[in-house]
1. Determine, for each peptide in 33-46, 193-206, the mean count of other beta carbons within 10 angstrom over its residues, then list the peptides with the highest first.
2. Any idea what the dipole of the chain comes to, in debye rounded to 20, about its Cα centre with Lys/Arg Cβ at +1 and Asp/Glu Cβ at -1?
3. Would you mind checking the tilt of helix 78-87 against the longest principal axis of the Cα atoms of the chain, expressed as 0 to 90 degrees and rounded to 10?
4. Is the shape of segment 40-113 best called rounded, prolate or oblate, per the rule: a/c under 1.5 gives rounded, else a/b larger than b/c gives prolate, else oblate, with a ≥ b ≥ c the square roots of the Cα gyration tensor eigenvalues?
5. For the chain, what does -39500 (n - 2.57) per DSSP helix run (n ≥ 4), summed and divided by total residues, give at 222 nm, in deg cm²/dmol to the nearest 500?
6. To test your reading of the geometry: what angle, between 0 and 90 degrees and rounded to tens, separates the Cα axis of helix 123-135 from the longest principal axis of the chain?
7. Please arrange R87, R121 by accessible surface area, largest first, computed with a 1.4 Å probe and ligands excluded.
8. Quick one: what Rg and Dmax do you get for segment 9-146 from the alpha carbons, in Å?
Amino acid sequence: MPSRRGSPGSAPYQEMAEAYDILHADRPYAQEARAIRALVRRHAGPSARTLLDVACGTGRHLEHLVRWFDCTGLDSSAAMLARARQRAPSARYVKGRMQDVPVGGRFDVVTCLFSAIGYLRSRAELERTLSGFSGHLAVGGVVIVEPFLTPEAWRTPYLSTETQSSGDTRVLRMSLSSRRRQRAILDLHYLVGTPGRVRYVHERHDLALFGTRTMLGAFRAAGLRAVHLLPGLSTGRGLYVAVKEGRPAPPPRRTASGA
């Protein structure tokens, strides 16, 4: 019999880090990392060296991005960060929420990929979060955000199933979508089987359906000049690429004594 966990709904990504990697194993992370590098070179220049990956998950993008950048990963899930540390040990990792960005310093690049921005609760929270990204961005730096679906693109009610396996582990996920005003509700039901055991976990994901105009307005409010690029990465949801404009502070002037 399956062992039951996560009723009525576990917090997303706290229990299912291993299953997450198995289900998304076919995503072309290396190709996407190269696309991100190309965007950085185009919008921030070839000298961009430091990168903060917000909601980095299990580090599937970071394991490739560390080839070109000094990387820091931020995520609220300890289980996800543990897998990221194994996958890309040269990066620095910080546990925390994207709304707070509890990371010191400034970066040439801030990324937030795979629709993680949808977990924000409101337009006001979106604007505050993007302002936090901007506050951690060097002048001339670039923010790259992969959005969730727009209100027009969200299909409900909708039921989907998928199965994947890795070694002796098999994962089945059934997803039921619904809608509450401008929010997408995803009830995810997992069966994770290994020899001798089948485990059941239920997660409820509550995501905001931000339209393109709302997203671009939030970037402007954060002091960032943004464009929306289609089709974006492999999900086809587009990418927002935003630049922090302005002039860097001049170097301190030397006194006559050279002090």
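1. With the highest mean Cβ count within 10 Å placed first, the list reads 33-46, 193-206.
2. 540 debye
3. Taking the Cα atoms of the chain, the angle to 78-87 is about 70 degrees.
4. oblate
5. Details: 6 runs with 59 residues, N = 259.
After summing the helix terms and dividing by the residues of the chain, the value is -6500 deg cm²/dmol.
6. The angle comes out at about 50 degrees.
7. Ranked list, largest accessible area first: R121, R87.
8. In Å, with Rg to one decimal and Dmax whole: 14.1, 45.
The values are calculated or read from the model by the stated rules, or taken from the named source; none is laboratory data. Please read these numbers as outputs of a predicted model, since none were measured by experiment. A quick note on method: Cβ atoms are made from the backbone with ideal geometry, for glycine too, and the neighbour counts reach across all protein chains shown. To get the accessible areas, we keep the full protein, side chains included, count just its heavy atoms, and leave off ligands, DNA and RNA. Shrake-Rupley method; radii C 1.70, N 1.55, O 1.52, S 1.80 Å.
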